[in-house]
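Structure, as structure tokens:
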């Protein structure tokens, strides 16, 4: 596994960027504005990690902080402002199978061969992303429903 990013929900993107960029010195390296779903994702890295990003796929740079700003106000409760940790795995199906056998609940199965979510015993969300291209859909994952929250 390779650590990718930590996602944090923010209430005000400008205020958050002032803190993470101006105060902490992190640099914005990628931004996604999704008009249809009405959210923005801003990925930041520490100055010392910027050289690492040049050798990695743009969509999987690491280590990053992902600021998630939902354009419409949402009430998360304080426990939901921390979003998730993200790790890239060599084989998402094998990883989920191994975790499931260890008793880990797969909250969002890898139906698309690309992404899954699990939760730690302390209910921290962890995103697993397939390294490289998505794997073809495969049972039992393709028809498995979501369970709980992530």
Unmet requirement for residue 129, which otherwise passes all of (1) touching a strand residue (DSSP E or B) at 6+ places or on another chain (Cβ under 9 Å); (2) at pLDDT below 90
(2)
List the number of the failed condition for residue 35; all other conditions in (1) within 21 Å of residue 115 (Cα to Cα); (2) modelled with pLDDT of 95 or more hold.
(1)
Confirm whether residue 149 is within 15 Å of the chain's Cα centre (by Cα) and surrounded by fewer than 12 Cβ atoms within 10 Å (Cβ to Cβ).
yes
What about residue 91, is it at pLDDT below 95 and either under 16 Å from residue 3 (Cβ atoms) or surrounded by fewer than 15 Cβ atoms within 10 Å (Cβ to Cβ) (or both)?
no
Residues in segment 103-119: is at least one outside the structural domain of residue 19 (by TED's automatic domain parsing), modelled with pLDDT under 95 and exposed (fewer than 15 other Cβ atoms within 10 Å of the Cβ)?
yes
How many residues, within segment 48-85, are touching a strand residue (DSSP E or B) at 6+ places or on another chain (Cβ under 7 Å), modelled with pLDDT under 85 and farther than 23 Å from residue 120 by Cβ?
3
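Please indicate, with yes or no, whether at least one residue in segment 99-110 is without any contact (Cβ under 8 Å) to a residue 24 or more places away in the chain and on the phi > 0 side of the Ramachandran plot.
Pass one, segment 99-110, residues without any contact (Cβ under 8 Å) to a residue 24 or more places away in the chain: 99-104.
Going one step further and asking which of them are on the phi > 0 side of the Ramachandran plot, we end up with 103.
Checked segment 99-110: at least one residue is without any contact (Cβ under 8 Å) to a residue 24 or more places away in the chain and on the phi > 0 side of the Ramachandran plot.
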Within segment 125-146, which residues are within 21 Å of residue 62 (Cβ to Cβ) and surrounded by 13 or more Cβ atoms within 10 Å (Cβ to Cβ)?
125, 126, 127, 128, 129, 130, 131, 134, 135
Determine, yes or no, whether residue 86 is part of a strand (DSSP E or B), closer than 28 Å to residue 49 by Cβ and outside the structural domain of residue 53 (by TED's automatic domain parsing).
yes
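The values are calculated or read from the model by the stated rules, or taken from the named source; none is laboratory data. Quick caveat, the model's predicted, so the values are computed rather than measured. Heads up, the Cβs are rebuilt from the backbone with ideal geometry, glycines too, and the neighbour counts pull from every protein chain shown.
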